[in-house]
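Asker: Just passing along the structure, written as structure tokens.
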Amino acid sequence: MNRYLEKVLNETKSKNQHEPDFIQAVDELLRTIEPVVDEHPEFENIALLERMIEPERLITFRVPYVNDEGKTVVHRGYRVQYSSLIGPYKGGLRFHPSVNQSIIKFLGFEQIFKNALTGLPIGGGKGGSDFDPKGKSDNEIMRFCQSFMTELQRHIGADVDVPAGDIGVGAREIGYLFGQYKRIKDVYEGGVLTGKGLSYGGSLVRTEATGYGLIYFMTEMLNANGQCLKGKTVTISGSGNVAIYACQKAQEFGAKVVAMSDSNGCVYDQNGIDLDLMKQIKEVERARISEYAKRKEGVEYIPTKPGEDSPIWSIKTDIALPCATQNEISLASAKKLVENGVIAVGEGANMPCKEDATVYLLEKKVLVAPAKAANAGGVAISAVEMSQNSMRYYMTFEEVDQKLKNIMTNIFKSCQNAAEHYNLGNNYVAGANIAAFTKLAQAMKCQGIV
Ligand code: NDP
């Protein structure tokens, strides 16, 4: 590894010893941008990498609320305002018990590069809380969101920082957050949050954007390598926002989705997932995926063993789409996928493959659509939602969907061109990192030492 890169990586490790997810994200990026850093020895003198890795600001705050039993519960809220180089901080909020500083920083770091790839004027940020929405009543969710926003409102704004959803934060939560922001600020500032409901400033296609975008990117990648999605078998981990709309678009494009999962287990439906039933169980009833196997004949339910990867990666498939969470594909799962003949892996979730799993998949000539590029459709359409709010205007479903297709095609081309330029073949993981890093490095050089 280039000496400057090695120095920065070692410093990052020693400064952030208790943040393994963050170190992993930085490590993966630094290992792939070596050819660019080699060409620019001047980066070291202006501490370009150090400045890119250190967030502009990290805010933590107390979030108390009263639960339905009348007990006061205290959670921790986070917002990392990572980079405003190319636009206002932009990135989702995650409500999940596993949320900590390491996870928020890894997600924020990834977000800067993802947002740069969209070609739109958005910086990078991320936030959330260790609050678990699962099993909570609507009133509890509302009280929590109001408390969270009471503190967050002083740090955000349509031209400052624009949060959206992520794990555990969907349309319901965004609605409560927006209501509280408006109440405190006494202003209708549509562009302060994205993923809003359609009745009060949301954009068509935002709900579907990440999942659809993943499939648009996958289609481009397959086509560029002489393959297509039609007739392929697909497995999709997760059954939340990204997974459901990836499933919908994959089915529309003629693929057969045979398995989906949640954190408790997966369902294997060899006749193809019935998406209406899945949506009823997951979006309407907010129930466990095991319900799906109870209600449809011939479906196998395989529980996840504690501490192990989801059993979904042992199911034979042509294309695997991890759409649940970080590090869900270990090296062992990558090996099972390869044994079973997988040809492509598309990352709907953020950093779903462990570093050694990605290296192994690439070595085995499996096509990998990296998260920063492949799941960028969500934030891209969030930026389109912001534009509509600024213009006091609504685009039709077809207009936004066409925009999403164009954006995903352009992102794929950027990854492909960067990989070709540095003789990296079809290593789109490196291609995505290089394309995004090059753009950000240029912006950083122009703006002086800040
Ligand atoms: P949702 O909350 O809608 O769904 C998450 C899904 O993943 C659920 O099925 C959930 O199962 C499962 N899951 C979550 N955590 C774990 C875990 N620790 N182990 C196993 N399964 C888990 O979230 P999204 O669909 O919005 O997000 C999924 C991924 O996509 C995340 O990595 C997110 O960062 C990424 N992403 C999301 C975008 C968006 O627009 N929403 C944009 C870009 C990336 P259970 O219900 O059992 O917890």
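Asker: Hey, can you tell me all the residues within segment 50-81 that are within 15 Å of the ligand (Cβ to nearest atom) and not hydrophobic (A, V, I, L, M, F, W, C)?
Answerer: TYR78
Asker: Between GLY197, GLY213, GLY202, which is more than 16 Å from the chain's Cα centre (by Cα), crowded, with 22+ Cβ neighbours inside 10 Å and under 21 Å from ASP401 (Cβ atoms)?
Answerer: GLY202
Asker: Among the residues of segment 332-340, is any under 16 Å from the mean Cα position of the chain (by Cα), in a helix (DSSP H, G or I) and β-branched (Val, Ile, Thr)?
Answerer: Scanning segment 332-340 turns up no residue that is under 16 Å from the mean Cα position of the chain (by Cα), in a helix (DSSP H, G or I) and β-branched (Val, Ile, Thr).
Asker: What residue, of GLU110, GLU28, GLU69, is part of a helix (DSSP H, G or I) and open to solvent by 10 Å² or more (accessible area, probe 1.4 Å)?
Answerer: After applying the criteria, what remains is GLU28.
Asker: Here are CYS247, CYS266: which of them is in contact with a strand residue (DSSP E or B) (Cβ under 9 Å, 6 or more places away or on another chain), within 13 Å of the ligand (Cβ to nearest atom) and within 22 Å of ILE407 (Cβ to Cβ)?
Answerer: Answer to the selection: CYS247.
Asker: Then there's this: Name the one entry in ILE46, ILE53, ILE59 that is at negative phi and surrounded by 18 or more Cβ atoms within 10 Å (Cβ to Cβ).
Answerer: It is ILE53.
Asker: Of these, GLU385, GLU355, which one is under 21 Å from the mean Cα position of the chain (by Cα), within 14 Å of the ligand (Cβ to nearest atom) and acidic (Asp, Glu)?
Answerer: GLU385
Asker: Pick from segment 278-312 the residues that are under 22 Å from LYS336 (Cβ atoms) and aliphatic (A, V, I, L, M): which of them is nearest to the chain's Cα centre (by Cα)?
Answerer: Selected residue: ILE312.
Asker: Do we have SER102 as over 29 Å from GLU28 (Cβ atoms), touching an Asp or Glu at 6+ places or on another chain (Cβ under 6 Å) and not aliphatic (A, V, I, L, M) here?
Answerer: no
Asker: Quick one: in segment 269-304, of everything that is open to solvent by 80 Å² or more (accessible area, probe 1.4 Å) and over 19 Å from CYS323 (Cα atoms), which residue is nearest to the ligand (Cβ to nearest atom)?
Answerer: Here the answer is VAL284.
Asker: Just to check your reading of the model, which residue among ALA349, ALA373 is within 16 Å of the ligand (Cβ to nearest atom), in a helix (DSSP H, G or I) and at pLDDT 95 or above?
Answerer: The match here is ALA373.
Asker: When the residues of segment 235-293 are filtered to those that are basic (Lys, Arg) and out of contact with any Asp or Glu (no Cβ under 7 Å at 6 or more places or on another chain), which remaining residue is nearest to SER314 (Cα to Cα)?
Answerer: Only one residue fits best here, namely LYS256.
Asker: Quick one: which residue in ILE381, ILE434 is open to solvent by less than 10 Å² (accessible area, probe 1.4 Å), under 19 Å from PRO35 (Cα atoms) and β-branched (Val, Ile, Thr)?
Answerer: ILE434
Asker: Follow-up question, since we're still on this one. How about segment 149-178: which of its residues are assigned to a helix (DSSP H, G or I), under 20 Å from ARG62 (Cα atoms) and not hydrophobic (A, V, I, L, M, F, W, C)?
Answerer: Result: THR150, GLU151, GLN153, ARG154, HIS155, GLU173, TYR176.
Asker: Still on this model: Provide a single number: the residues in segment 179-232 that are assigned to a helix (DSSP H, G or I) and either acidic (Asp, Glu) or closer than 24 Å to GLU252 by Cβ (or both).
Answerer: 20
Asker: Looking at (1) in a strand (DSSP E or B); (2) without any contact (Cβ under 8 Å) to a residue 40 or more places away in the chain, which is the only condition TYR82 fails?
Answerer: Single failed check for TYR82: (2).
Asker: Select, from ASP38, ASP21, the only residue that is charged (D, E, K, R) and either assigned to a loop (DSSP other than H, G, I, E, B) or open to solvent by less than 40 Å² (accessible area, probe 1.4 Å) (or both).
Answerer: The conditions single out ASP21.
Asker: Among what's in segment 388-405 and is more than 16 Å from the ligand (Cβ to nearest atom) and among the aliphatic types (A, V, I, L, M), pick the residue that is most open to solvent (accessible area, probe 1.4 Å).
Answerer: Applying the filter and picking the extreme gives MET391.
Asker: Let me ask something else about it. Would you call TYR188 more than 13 Å from the ligand (Cβ to nearest atom), touching a helix residue (DSSP H, G or I) at 6+ places or on another chain (Cβ under 9 Å) and either closer than 22 Å to GLY240 by Cα or open to solvent by less than 50 Å² (accessible area, probe 1.4 Å) (or both)?
Answerer: no
Asker: Could you please tell me which pairs satisfy a Cβ distance under 8 Å, a separation of 6+ or placement on different chains, a first residue in segment 162-178 that is within 16 Å of GLY77 (Cβ to Cβ) and open to solvent by 20 Å² or more (accessible area, probe 1.4 Å), and a second residue that is part of a helix (DSSP H, G or I) and within 6 Å of the ligand (Cβ to nearest atom)?
Answerer: Listed pairs, sorted by first residue: GLY165/ASN241.
The values are calculated or read from the model by the stated rules, or taken from the named source; none is laboratory data. These figures come from a predicted structure and were not determined experimentally. Virtual Cβ from ideal backbone geometry, glycine too; neighbours counted across all protein chains shown. All accessible areas refer to the heavy atoms of the entire protein, side chains included, with ligands and DNA or RNA removed. Shrake-Rupley method; radii C 1.70, N 1.55, O 1.52, S 1.80 Å.
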